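What follows is a single structure, written as structure tokens, with notes after it.
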Amino acid sequence: MTPVAFGGIHSSLPSWSGARVGDEVYALHVNRCVVFVVSRMRVIDMERRDCCGNAPETRQDPAFPGHGDWSMLGAGGCGAAAVHVDATPVRFDTPLPGDLLAGLAWRNRRGLTRGLKHVVDGRLERSASLQGFYRLTPESADELAKVVGDAPRTPA
């Protein structure tokens, strides 16, 4: 089965609206001011597949019966959509070096670059500027790729 992530329009779900097929996406987690790379994912498609199960016919039917294990993470409703990915294993033990945090940068649709706010002594004091879906600059994407390294990917 292809690994799948879920997103949607509800605020409880991450927005994948900025993602395109082929994009590399980094899932990050913050714990006690330390930022961890949870997984690096390459978007395969954003369509419903056979692995998702039949689309619900009523509101009571599960939205993605083929991904029942994911229902607690938003796959059960709220406008959830499946995003099939080729991904490194999910893990919570790959911290970003503190000096890398200060240099991370994103580019918005208008081409403006911004950095991560609230980095103090290599620690992220507040995570608000990290929440969301942002396009990394090529340099920052290269730095995150080095941190993840060549970790084995789950099969597509």
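Amide H neighbours of ALA82 under 5 Å, counting only residues 5+ apart in sequence or on other chains, H built in-plane at 1.01 Å?
none
Check which residues have an amide H placed less than 5 Å from THR137's amide H, if you skip close sequence neighbours.
Residues meeting the criterion, in which the H sits 1.01 Å from N, are ALA105, TRP106, ARG107.
If amide H atoms are built 1.01 Å from N in the plane of the peptide, which residues on other chains or at least 5 residues away come under 5 Å of the amide H of LEU116?
Those lying under 5 Å, H to H, from LEU116 are LEU104.
Can you tell me the Rg and the Dmax, both Å, for the Cα atoms in the range 81-124?
14.4, 38
Read-outs throughout are calculated quantities, based only on the coordinates presented, and are distinct from any laboratory measurement. In this text, all values refer to a predicted model and were calculated from it rather than measured experimentally.
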